[in-house]
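A.B. asks: Sending over a structure as structure tokens; questions will come in a sec.
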Amino acid sequence: MFRILKSEWLAPKVRRFEVEAPRVASRHRPGHFVIVRAYSGGERIPLTIADSDSKRGSITLVVQVIGATTERMCLLKADDALSDVVGPLGKATEIENFGHVVLVGGGVGTAVIYPQASALKAKGNRVTAVMGGRSKPYVILEEELKKLCDAVYPCTDDGSYGYNGFVTGKLGELIADPALPVNAVITAGPVPMMKAIANVTREKKILTIASLNPVMVDGTGMCGGCRVTVGGKNLFACVDGPEFNAHEVDFASLTDRLTAYREHERAVWDKLKDDNDHQCKLQAAMAEDRAQ
Amino acid sequence: MKASERMKIQRAAMPECPPDERAKHFREVNLGLPPDLASLESKRCLACKNHECVAGCPVGIDIPGFIAAVDQGDLERAANLLYAANVLPGITGRVCPQETQCEELCLVGKKGKPVAIGYLERYVADWARNNLTRTVQLAPATGKTVAVVGSGPAGLTCAGELAKLGYDVTVFEALHRPGGVLVYGIPEFRLPKAIVDQEVKTLQDMGVKIECNVVIGATLTLADLLKEEGFGAVFVANGAGLPVFQNIPGENLKGVYSANEYLTRVNLMSAYLGAKADTPVLRGQGVVVVGGGNTAMDAVRTARRLGADPAVLVYRRSEKEMPARVEEVHHAKEEGVRFEMLTNPVAVLGDEAGWVRAVRCQRMGLGEPDASGRRKPVPIEGSEFDVPCQVFIEAVGTKSNPLLTQATPGLNLNKWGNIIADENGMTSIPGVFAGGDIVRGGATVILAMGDGKKAAVGIHNYLNKTASA
């Protein structure tokens, strides 16, 4: 069991956990993920490590409620425990001195770019962060990123905060600025967003890395369920990635494969609606979220 | 009893759950011999002088000895003889390919059917599990520690043998549950999880520690185990790893699985429970599995139990070249699996929404013998035909998992990425031993166990030598 040291709402339906996992913490580098089984009998889900503290022996995970598993996980509080946490998995981000790097995070994807910002800065890069959200409350980690980055641009789809529009619009502005040429882009978030980002940078041939989120089971290369087509080849996101050259990723296939279990996911989530104990806790958690 | 009388006894038939019933559930197919049949079967052993059967056993069980004990009704002694050579008899009694090992060399089998050694092994192991609390004698503690990487058959065997020799053993498992292929790969109907759990518990009772959720090569490195964690030696048995895909068009359609993924979802993650399980698996009316090994049989029989009609097995060679155990092939046919031999998939076809709708196959003929001595299958031009299905499962082998090997400088690998181990199981790094599929590529449970046992001896000698040096 992996004890939860801290558990708090970061945005509506987005929760941040600090979890005791000393071995994972001491090996974590930006880009790594863990496989979590939140409770006995639960699914194994991949979650990018958003931060780590080797002294405290802990890692930080940011989770968005998108189904039954994540909804149940987001009801866990400090001193509760996750059944299983295994990692750090995947290849770490290749941190080089690119010059000017723009990190683009969408929704909880911002948690993926956060540890990269720190490592890239330490390598001497100029680091710009662009974080997107539906509206103001959905933009996460702004204060944390401000401390690390040279410039930070929150964006909202509805214009309620920061740049009015999608992250692609803001990125387009940044790469059009001759005063500060962009040498590399790293992006994490919903697949349509990453696909759009790749399209923005493709023409200018700006190196663009996307952190992919396919369905996984074991996370160690054993099942092959996470295969993605990159540069015409099938690769396993868990051991060959999860970060790939975005210009070579077949996003259409990734998008499609992510829908394979939608029917089952809906059925399991629907079943949870009849679970009174769960619903009771959910109401309480949502009230706590509103109070924040 | 005279030998001539013994030879008149017919080989016992394994009681089985009827095919039409078992094709609907995941309970065990083979029900085990009842005491009277086991006793009778034990009388078929002639206790011949050469006892060649023992040479056919990768872990060297005293086969005539334990069978004689069954014949004398002393099941406790039979169990002790089994456990002396094999810490997992309940497992091997169920999944070993006896027909190509001990039973193939059985003298009785030269004239008629061989003694049912596997059935008797299972009988004794099951009796011991229900009637004995502790059957293993442990040597005094040596005060030395050994790490084992992977809790599959090789790792568990090595851990058990080392515990018997008095070592303090810790097994590191990457998944959340110990057992390796015994829990993620081999289905419940062939090897109930409860048996694996119990065998694991026996090891824990012997003092073996098991830590799940640790990936060696990611969470800790081999160097960490030897230095920071201070283990005297390490046995690497992390399995075969990455599934091979045939690299044919359409493999990313929804409904295409590696056998590893399909079986892991159903077995380890309990997806056979349907909406009651969090982890899903796609079912489909028609399911096609490609491959000829035990994994292919496990996948297609699993599909059948999940309602596939038809459940089709395609294999590019003919049935007699199939590497699967004879019993699995026989059971699969009884359960209504359709066999399409000398057939190879060339493409997976999908509908507009990206779901599998059929597999395009090609008929094969048999040409000249190839490097394996088997006649090489050659495609027959113009023989393509489509098999409608919604799920397509590839069971065409695995390649070595690079997670540990890439993170371990100085570890010598062969051209396929498998670890090279010497006759004692030791690798190019002193104190690091290896066995099972990471050394052999895809092989069997019992060969992995044989490696685990050999490495335990190798480690014992190595640690004795380093202590006296």
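A.B. asks: B:Cys48: in contact (Cβ under 8 Å) with a residue 12 or more places away in the chain, in a loop (DSSP other than H, G, I, E, B), more than 25 Å from B:Phe189 (Cα to Cα) and not aliphatic (A, V, I, L, M), yes or no?
C.D. replies: On the way: in contact (Cβ under 8 Å) with a residue 12 or more places away in the chain: yes; in a loop (DSSP other than H, G, I, E, B): yes; more than 25 Å from B:Phe189 (Cα to Cα): yes; not aliphatic (A, V, I, L, M): yes.
So B:Cys48 passes the test.
A.B. asks: So B:Ala296 passes all but one of these: (1) more than 11 Å from chain A (Cβ to nearest Cβ); (2) under 26 Å from A:Thr229 (Cα atoms); (3) open to solvent by 30 Å² or more (accessible area, probe 1.4 Å); (4) not β-branched (Val, Ile, Thr). Which condition number does it fail?
C.D. replies: Of the numbered conditions (1) more than 11 Å from chain A (Cβ to nearest Cβ); (2) under 26 Å from A:Thr229 (Cα atoms); (3) open to solvent by 30 Å² or more (accessible area, probe 1.4 Å); (4) not β-branched (Val, Ile, Thr), the odd one out for B:Ala296 is (3).
A.B. asks: Yes or no: A:Lys91 within 14 Å of chain B (Cβ to nearest Cβ) and open to solvent by 20 Å² or more (accessible area, probe 1.4 Å)?
C.D. replies: In short, yes.
A.B. asks: Just for the stretch B:241-260: of the residues that are of a type in the set (S, T, N, Q) and at the interface with chain A (Cβ under 9 Å from one of its Cβ atoms), which one is most open to solvent (accessible area, probe 1.4 Å)?
C.D. replies: Restricting to residues being of a type in the set (S, T, N, Q) and at the interface with chain A (Cβ under 9 Å from one of its Cβ atoms), the top hit is B:Asn247.
A.B. asks: Kindly indicate which of A:Thr229, A:Thr255 is modelled with pLDDT of 95 or more, more than 9 Å from chain B (Cβ to nearest Cβ), open to solvent by 10 Å² or more (accessible area, probe 1.4 Å) and not in a loop (DSSP other than H, G, I, E, B).
C.D. replies: Result of the check over A:Thr229, A:Thr255: A:Thr255.
A.B. asks: Can you tell me which residue in the stretch B:159-211 is most open to solvent (accessible area, probe 1.4 Å), limited to those that are part of a strand (DSSP E or B), more than 28 Å from B:Ala395 (Cβ to Cβ) and away from chain A (no Cβ under 14 Å)?
C.D. replies: As a first pass, look at the stretch B:159-211 and keep what is part of a strand (DSSP E or B): B:168-172, B:209-211.
From the residues that got through so far, the ones that are more than 28 Å from B:Ala395 (Cβ to Cβ) too are B:168-170, B:209-211.
Narrowing further to those that are away from chain A (no Cβ under 14 Å): B:168-169, B:209.
On the way: B:Asp168: 57, B:Val169: 1, B:Lys209: 95 Å².
Among them, the one singled out is B:Lys209.
A.B. asks: Which residues, counting only those in the stretch A:212-226, are at the interface with chain B (Cβ under 9 Å from one of its Cβ atoms) and not β-branched (Val, Ile, Thr)?
C.D. replies: Passing the criteria: A:Asp218, A:Gly219, A:Gly221, A:Met222, A:Cys223, A:Gly224, A:Gly225.
A.B. asks: Further, regarding this structure: Take the residues in the stretch A:15-36 that are more than 30 Å from A:Ala287 (Cα to Cα) and open to solvent by 10 Å² or more (accessible area, probe 1.4 Å); name whichever of them is farthest from the other protein chains (Cβ to nearest Cβ).
C.D. replies: Filtering the stretch A:15-36 for residues that are more than 30 Å from A:Ala287 (Cα to Cα) and open to solvent by 10 Å² or more (accessible area, probe 1.4 Å), the one farthest from the other protein chains (Cβ to nearest Cβ) comes out as A:Pro30.
A.B. asks: Could you please find all residues in the stretch B:344-354 being more than 15 Å from B:Gly293 (Cα to Cα) and crowded, with 17+ Cβ neighbours inside 10 Å?
C.D. replies: Looking only at the stretch B:344-354, we keep the residues that are more than 15 Å from B:Gly293 (Cα to Cα), and these are B:345-354.
Hits for the stretch B:344-354 are B:Pro345, B:Ala347, B:Val348, B:Leu349, B:Gly350, B:Gly354.
A.B. asks: Read through the list (1) away from chain A (no Cβ under 14 Å); (2) open to solvent by less than 10 Å² (accessible area, probe 1.4 Å), then give the number of the only condition that B:Lys333 fails.
C.D. replies: (2)
A.B. asks: Quickly run through the stretch A:142-191 and pick out the residues that are surrounded by fewer than 20 Cβ atoms within 10 Å (Cβ to Cβ), on the phi > 0 side of the Ramachandran plot and touching a strand residue (DSSP E or B) at 6+ places or on another chain (Cβ under 6 Å).
C.D. replies: A:Gly162
A.B. asks: Go through the stretch B:270-291 and give me each residue that's at pLDDT 95 or above, part of a loop (DSSP other than H, G, I, E, B) and within 21 Å of the chain's Cα centre (by Cα).
C.D. replies: B:Gly291
A.B. asks: Taking the stretch B:222-240 only, how many residues are crowded, with 24+ Cβ neighbours inside 10 Å and assigned to a loop (DSSP other than H, G, I, E, B)?
C.D. replies: The total comes to 4.
A.B. asks: For the stretch B:88-96, check the following and say yes or no: at least one residue is more than 29 Å from B:Gly239 (Cα to Cα) and open to solvent by less than 30 Å² (accessible area, probe 1.4 Å).
C.D. replies: Taking every residue of the stretch B:88-96 in turn, none turns out to be more than 29 Å from B:Gly239 (Cα to Cα) and open to solvent by less than 30 Å² (accessible area, probe 1.4 Å).
A.B. asks: Another question, if that's okay. Starting from residues that are open to solvent by 30 Å² or more (accessible area, probe 1.4 Å) and not aliphatic (A, V, I, L, M), keep the ones in the stretch A:232-242 and report whichever is nearest to the chain's Cα centre (by Cα).
C.D. replies: Ranking the qualifying residues of the stretch A:232-242, first place goes to A:Asp240.
A.B. asks: Then there's this: Among residues belonging to the stretch B:268-278 that are within 11 Å of chain A (Cβ to nearest Cβ) and at negative phi, point out the one that is most open to solvent (accessible area, probe 1.4 Å).
C.D. replies: Out of the qualifying residues, it is B:Lys276.
A.B. asks: Just to be sure I understand, how many residues within the stretch B:393-442 are within 13 Å of chain A (Cβ to nearest Cβ), open to solvent by less than 30 Å² (accessible area, probe 1.4 Å) and closer than 30 Å to B:Leu342 by Cβ?
C.D. replies: 4
A.B. asks: Which residues, taken from the stretch A:52-81, are of a type outside the set (Val, Ile, Thr) and at the interface with another protein chain (Cβ under 10 Å from one of its Cβ atoms)? Spell out how you get there, then give the answer.
C.D. replies: Of all residues in the stretch A:52-81, those of a type outside the set (Val, Ile, Thr) come to A:52-58, A:61, A:64, A:67-68, A:71-81.
A:Gly67, A:Ala68, A:Arg72, listed by residue number.
A.B. asks: So, in the stretch B:22-45, of the ones that are touching a residue at least 60 places away in the same chain (Cβ under 8 Å) and among the acidic types (Asp, Glu), which residue ends up least open to solvent (accessible area, probe 1.4 Å)?
C.D. replies: Among those that are touching a residue at least 60 places away in the same chain (Cβ under 8 Å) and among the acidic types (Asp, Glu), it is B:Glu41.
A.B. asks: So which pairs qualify, if the first residue must be in the stretch A:37-51 and within 7 Å of chain B (Cβ to nearest Cβ), the second must be of a type in the set (S, T, N, Q), the Cβ gap must be under 7 Å, and the two must be at least 6 apart or on different chains?
C.D. replies: A:Arg37/A:Ser83; A:Gly42/A:Thr69; A:Gly42/A:Ser83; A:Glu43/A:Thr69; A:Glu43/B:Thr279
A.B. asks: While we're on this one: Starting from the stretch B:1-21, take each residue that is acidic (Asp, Glu) and list its partners that are assigned to a loop (DSSP other than H, G, I, E, B) and open to solvent by 70 Å² or more (accessible area, probe 1.4 Å), counting only C-beta distances under 9 angstrom and pairs at least six apart or across chains.
C.D. replies: Between residues of the stretch B:1-21 that are acidic (Asp, Glu) and residues that are assigned to a loop (DSSP other than H, G, I, E, B) and open to solvent by 70 Å² or more (accessible area, probe 1.4 Å), the close pairs are B:Glu16/B:Leu31.
A.B. asks: So B:Leu82 ticks every box in (1) under 25 Å from the mean Cα position of the chain (by Cα); (2) part of a loop (DSSP other than H, G, I, E, B); (3) under 30 Å from B:Gly160 (Cα atoms); (4) modelled with pLDDT under 95 but one. Which box is left unticked?
C.D. replies: For B:Leu82, the failing item is (2).
A.B. asks: Considering only the stretch B:347-394, how many residues are of a type in the set (A, V, I, L, M), within 28 Å of the chain's Cα centre (by Cα) and closer than 29 Å to A:Thr255 by Cβ? Write out each step before concluding.
C.D. replies: Filtering the stretch B:347-394 down to residues of a type in the set (A, V, I, L, M) leaves B:347-349, B:353, B:356, B:358-359, B:364, B:366, B:371, B:378, B:380, B:387, B:391, B:393.
Still in the running and within 28 Å of the chain's Cα centre (by Cα): B:371, B:391, B:393.
Going one step further and asking which of them are closer than 29 Å to A:Thr255 by Cβ, we end up with B:391, B:393.
Summing the residues that are of a type in the set (A, V, I, L, M), within 28 Å of the chain's Cα centre (by Cα) and closer than 29 Å to A:Thr255 by Cβ in the stretch B:347-394 gives 2.
A.B. asks: In the stretch A:124-151, how many residues are in contact with an Asp or Glu (Cβ under 8 Å, 6 or more places away or on another chain), assigned to a strand (DSSP E or B) and within 26 Å of A:Pro192 (Cβ to Cβ)?
C.D. replies: Here the count works out to 5.
A.B. asks: Right, another one. Of the residues in the stretch A:202-216, how many are outside any loop (DSSP other than H, G, I, E, B), closer than 14 Å to A:Gly105 by Cβ and in contact (Cβ under 8 Å) with a residue 40 or more places away in the chain?
C.D. replies: Result for the stretch A:202-216: 2.
The values are calculated or read from the model by the stated rules, or taken from the named source; none is laboratory data. Model, not experiment: these values are computed from the prediction. No Cβ is skipped: glycine too gets one built from the backbone with ideal geometry, and neighbour counts run over all protein chains shown. Accessible surface areas use protein heavy atoms only, side chains included; no ligands, DNA or RNA. Shrake-Rupley method; radii C 1.70, N 1.55, O 1.52, S 1.80 Å.
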